[in-house]
Amino acid sequence: MASGEKILNFNVGVLGHIDSGKTSLAKALSTTASTAAFDKNPQSKERGITLDLGFSSFSVDLPEHVKALQGDFDKLQFTLVDCPGHASLIRTIIGGAQIIDLMMLVIDVTKGMQTQSAECLVIGEITCPKMVVVLNKTDLLPEGKRQAAIEKMTKKMQKTLENTRFHGVPIISVAAKPGGPDAPESETAQGIGELIELLKSQTYLPKRDPSGPFLMAVDHCFSIRGQGTVMTGTILSGSVSINDSVEIPALKVTKKIKSMQMFHKPVISAMQGDRVGICVTQFDPKQLERGLVCSPDSLCTIHAAIISVKKISYFKHPLQTKAKFHITVGHETVMGKVTFFSKPVRETEKGQTSNRFDFEKEYLYQDEYLSKDTRLAEEDKENQEVGERLLPKEQWALLEFEKPVTCPRLCLVIGSKLDTDIHANMCRLAFHGVLLEGFEDKNYTEVYLPKLKLYKIKNREGQVERVMDDYTVIGRSLFKKETNIQLFVGLKVKLSTGEDGVIESGFGQSGKFKIRILNGLSSETKSLLSTASKKKSKGGKGETAKEDDGKADIQPIVVTLSFKRYVFDPQKRMIQS
């Protein structure tokens, strides 16, 4: 740094329900506002809500516990990422979530937990290791009952957080803007000094990795006369130096970095987690209000992807294959169709390294994501191989996007139902995962999907109609009349009496077929079949065969045909083990 000071940057996400006072809180905390701070957006000004990720910062002396870990920093800089709370802007929050080291969940003390606060909590659980809860607007509570109301809300919040990864986090109360938005600026905020001390106590050395390709989330772009165009943002991965070339993938443009600044001070390099402005020449800032900048050729544009997947427990509906969700990948949100699958349960013991997807293995197609509360649909019971009622350890999803998305590999993916009524009191976030494989070819259905060994188990049942000889029986009701039985010739079947057979040919025109019994029929089966056929001939026209000797009707002998069919096999073959 120009001043010689070495500053540790620590990103704090300020999340919460609309109108919980997040922006006022960020203002109260911040002394140095960076260029993108506090809603430059005219639409925000009008509506009094944050429409974009706002960034601002303030510096404090390095706390002792951090100094002990890393002595070569002089100061600690808190960068506040003010995330929008407005429901339809949830995608913006998800976009900024990967860079947040600590989350500050702002709750309006007069209202408590609301739908969006719960969604912010879910995003925090997926993306962030630490959290503090700030009960704001305490000035609105009547003075005599204030302390009791704060204590009551604190207990309520502790209960809400009990079953999340944030149980036991610190809860603090403040009044960021006493008197509300129109009160004069002279009104001093209450509890801010204590909040800063709390934030200092919660800091740690974030894991920053300068290696790997450079990727930066740009949230602001403007030109400076005689200098060039400045893009400010936060570095999500890798590092960058003056004279490096960077790509703006959305525009397929590559530019060279002329100069760089961190909070108004010139620097020659920056790395993951840093907040930086990079200056390039001959670039019109109007082309990029926000988006990604990266090392040339390091991002891929994909039409479909395979992700590891976990359901978000607050989402109350089943996750069904073929359903459409809003998929947020990197910084884009597009509609996509999902197909869920897992390994056959007997194979899951070994587990798979979560950052790799193995195309060599076989996977079982699922009608929906399986969780403790799944009631299996009839067809899915077929696909749950016998005795496999256990839940799979890992599940994956194939995502097929309605339009291509540009993103880094192994990025966070979140699926949601953003078209749900925002006033309905329910979580719209449905699942999350990590992108393991992206398909860049738009003909991925022909090029890549046949390599994905995703199968369904098909079970068909028919009956033995009669015996021809010790090694041959005729079956019926397994196929429709119009089925081409030739396709099934050579497939193995099993009789309910235990014998194994093979379909040898069709028999007549009505969908009947001939089965060769490999080791011959047992004498019990033969006597069963002969009794059944005698019974048939006994029952005359129009009268039911009566029960003779008090014996019940003889059960027919069932023929079962089981096979695997690969979902993406262009030949639609039937495979038996």
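The values are calculated or read from the model by the stated rules, or taken from the named source; none is laboratory data. None of these values were measured; they are calculated from a predicted model. Positions of Cβ are backbone-derived with ideal geometry, glycine not excepted, and every protein chain shown enters the neighbour counts. Surface accessibility is based on the protein's heavy atoms, side chains included, excluding ligands, DNA and RNA. Shrake-Rupley method; radii C 1.70, N 1.55, O 1.52, S 1.80 Å.
Given their separation in residues at 0.36 nm each and the Cα-Cα distance between them, Lys361 and His264 gain 29.6 nm when the chain is fully extended. In the range 151-277, the portion of solvent-accessible area held by carbon and sulfur atoms comes to 52 percent [1.4 Å probe, whole percent, DNA, RNA and ligands not counted]. Of the residues Lys514, Lys159, ranked by 1.4 Å probe accessible area with the largest first, the sequence reads Lys159, Lys514. Counting heavy atoms of the protein chains alone, Phe401 has an accessible area of about 20 Å² for a 1.4 Å probe. The H on the amide N of Thr321, modeled in the peptide plane, is under 5 Å from the matching H of Phe340, Glu368, Tyr369, each at least 5 residues off or on a different chain.
What FRET efficiency would be calculated for the residue pair Glu194, Ser577, taking the C-beta separation as r and a Förster radius of 56 Å, to the nearest 0.05?
Approximately 0.25, to the nearest 0.05.
Neighbours of Ser223 by Cβ distance under 12 Å: Lys/Arg scored +1, Asp/Glu scored -1, total +1. Per-residue SASA remark: Leu370, around 10 Å² accessible (1.4 Å probe; ligands, DNA and RNA not included). Note on the range 166-285: with charges restricted to the Cβ of Lys and Arg (+1) and Asp and Glu (-1), its dipole about the Cα centre is near 540 debye. Modelled spin labels at Thr472 and Leu491, positioned 7 Å past Cα toward Cβ, are 2.2 nm from each other.
The Ser371 and Ala68 beta-carbon pair, evaluated with R₀ = 51 Å, returns a calculated FRET efficiency of approximately 0.75. Residues Glu437, Glu64 ordered from highest to lowest accessible area at a 1.4 Å probe: Glu64, Glu437. FRET efficiency for the pair Lys156 and Met426, taken as 1/(1 + (r/R0)^6) with r the Cβ-Cβ distance and R0 = 22 Å, rounds to 0.65. The stretch between Val502 and Lys6 holds 170.8 nm of extra length on full extension. This uses 0.36 nm per residue minus the Cα-Cα distance.
Estimated at the nearest 10 Å², the accessible area of Phe488 is 10 Å² with a 1.4 Å probe. Once both labels are positioned 7 Å from their Cα atoms along Cα-to-Cβ, the gap between Thr254 and Asp209 label points is 2.5 nm.
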